[in-house]
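The values are calculated or read from the model by the stated rules, or taken from the named source; none is laboratory data. These figures come from a predicted structure and were not determined experimentally. Counting neighbours? That spans all protein chains shown, and the Cβs are built from the backbone with ideal geometry, glycine included. Quick note on the areas: whole protein, heavy atoms, side chains included, nothing else; ligands and nucleic acids left out. Shrake-Rupley method; radii C 1.70, N 1.55, O 1.52, S 1.80 Å.
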Amino acid sequence: TASATMAENTSTAVSDVHKKIKAAFEAFDYQSNSTVDVREIGTIVYSLGCFPSRTELHDFLTEVGEDHTGCVHLDRFLPAMTEVLMENRFPPVSEVTLLQAFEVLDKEKKGYLESEELTKYLTQEGEPFSQEEMDEMLTALSDNDKNRLYYTDYISQLTSDLDA
C-alpha cells in the first residue's frame, strides 16, 4: 500500500539522518564514550549543514542538556538533532544572499576583504564571532600571502561543503 511505502521511505530517511549525525558526533567523541564537550556542539551542528543563530544554538544546547562534566551525550543529542534535520530548522542562507552581504562590505568592489577588515566586521557587528572562531575562519579561508579573503572563493567553498 501507499502508506506502507511512505512509512518505509520515512524510516530509511531517518536511518540515513541517524548515520550522518552519529558520524559527525563521533568525530568529536575523543574518548569514545558517546559524549562530546558541550563547546563542540556548535561545530557539529554547523558540520551537518545547519546554521542556527547564537540564540537558537543556545536554546538547542538547553534542549540537549549537558551533564555535570560539561559533556553532551549522544542519546540526548541524536533525537534532538534528528528533529532539527528532518524539519530543516536551521537552513543555510543562499549563495546569492552571501554574495550580496560580502559585496556590501566590499565598498571598493575589489572582490576581496582584508583579514583585518573582515575581523572588524565579524567581531564588532551583529552576532560577533569569538577570536577563536575568527582565527579558524581566517586560517581556513585567507590567502595567507596577501592576508585577504576572496569572498567568491569562500562562498563557493561553503556551498560545495553543504552539498557534500
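Test residue 51 against the criterion of being among the aromatic types (Phe, Trp, Tyr) and either in a helix (DSSP H, G or I) or at pLDDT 90 or above (or both), and give yes or no. Judged against the criteria, residue 51 is not a match. Among the residues of the range 18-49, those identified as under 20 Å from residue 65 (Cβ atoms), polar (S, T, N, Q) and surrounded by 13 or more Cβ atoms within 10 Å (Cβ to Cβ) are 34, 35, 43.
Taking helices (runs of 4 or more DSSP H) as the structural unit, those lying wholly within the range 68-134 and holding at least 3 residues that are open to solvent by 80 Å² or more (accessible area, probe 1.4 Å) and modelled with pLDDT of 90 or more correspond to 74-87.
Residue count for the range 96-131, restricted to those that are farther than 19 Å from residue 155 by Cα and touching a residue at least 60 places away in the same chain (Cβ under 8 Å): 1. Here residue 52 meets each of (1) in the same structural domain as residue 154 (by the TED database); (2) surrounded by 15 or more Cβ atoms within 10 Å (Cβ to Cβ) with one exception, condition (1). The condition (being in contact with an Asp or Glu (Cβ under 9 Å, 6 or more places away or on another chain) and not assigned by the TED database to the domain that holds residue 21) is satisfied by just one residue among 118, 138, 105, 99: 105. Among the residues here, residue 15 does not qualify as among the hydroxyl-bearing types (Ser, Thr, Tyr), open to solvent by 70 Å² or more (accessible area, probe 1.4 Å) and either part of a helix (DSSP H, G or I) or not assigned by the TED database to the domain that holds residue 130 (or both).
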